[in-house]
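Chemist: Please see the structure below; I have some questions.
The values are calculated or read from the model by the stated rules, or taken from the named source; none is laboratory data. These figures come from a predicted structure and were not determined experimentally. Here the Cβ is made from the backbone with ideal geometry for all residues, glycine too, and neighbour counts use every protein chain on show. Side chains included, ligands, DNA and RNA excluded: accessible areas come from the protein's heavy atoms. Shrake-Rupley method; radii C 1.70, N 1.55, O 1.52, S 1.80 Å.
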Amino acid sequence: MVYICVINESIMDAIRLEFQPEIKEKILSFLNSFSSDELKITPEDPDFDENKRKVHAAYSKLKNGTTKLYTLEEVDEILEKTISKYED
């Protein structure tokens, strides 16, 4: 899987290509004929689907109120207690 980002008058478009492995060299050869100002090839993040799932799960918990939220003051207090516990 390869993402291709094309710069068009300071607007970046992205398309996703799926292809058979045997034509990869032909595709890359063609794409390399463009300058780096015209085309940027960005490899796909292998963890994208897993990260997306985690973000959606966290957002769902936030939305339905089943996650615990802390104020900055509460976090500061938790950190101070934790640090003081291990200082000695």
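Chemist: Between residue 55 and residue 13, with labels modelled 7 Å along Cα→Cβ, what's the label distance in nm to one decimal, could you check?
Modeler: 2.3 nm
Chemist: Next up: With springs only between Cα atoms under 10 Å apart, run a GNM on the chain and tell me which of 77, 50, 38 wobbles the most.
Modeler: Highest fluctuation of the listed residues: 77.
Chemist: At a 1.4 Å probe, what is the % contribution of carbon and sulfur to the accessible area of the chain? Before the final figure, lay out each step's value.
Modeler: Values: 4470 of 8070 Å².
Whole-percent figure for carbon plus sulfur exposure: 55.
Chemist: Right, another one. Just need the relative contact order of the chain here, percent rounded to a whole number, with Cα pairs under 8 Å and 6+ apart.
Modeler: On the way: 51 pairs, mean separation 24.1, N = 88.
Reported relative contact order: 27 percent.
Chemist: List the chymotrypsin sites (Phe, Trp or Tyr not before Pro) within region 22-88 that DSSP assigns to loop and that have no more than 15 neighbouring Cβ atoms inside 10 Å.
Modeler: Working: sites: 30, 34, 48, 59, 70, 86; in loops: 34, 70.
Filter output for region 22-88: 34, 70.
Chemist: Trypsin sites (Lys or Arg not before Pro), restricted to region 20-88: which are DSSP loop and have at most 13 other Cβ atoms within 10 Å? Write down the numbers at each step before the final one.
Modeler: On the way: sites: 24, 26, 40, 52, 53, 54, 61, 63, 68, 81, 85; in loops: 68.
Sites meeting the loop and neighbour criteria: 68.
Chemist: Between residue 35 and residue 78, what is the label-to-label distance in nm when each label sits 7 Å out along the Cα-to-Cβ direction?
Modeler: The two pseudo-label positions are separated by 5.1 nm.
Chemist: By how many nm would the segment from residue 68 to residue 27 grow when fully extended, if each residue of separation counts as 0.36 nm and the alpha-carbon distance is taken off? Show your work: numbers first, answer last.
Modeler: Values: separation 41, 0.36 × 41 = 14.76 nm, distance 4.85 nm.
Going from the current span to full extension adds 9.9 nm.
Chemist: Moving on. Give the accessible surface of the chain per residue, rounded to a whole number of Å², with probe radius 1.4 Å and ligands, DNA and RNA excluded. Can you show the working numbers first?
Modeler: Details: 8070 Å² over 88 residues.
Here the per-residue accessible area is 92 Å².
Chemist: Once the cut-off is 17 Å, how many percent of the Cα-Cα pairs in the chain end up in the long-distance tail?
Modeler: Numbers: 2692 of 3828 pairs.
Cα-Cα pairs in the chain separated by more than 17 Å: 70 percent.
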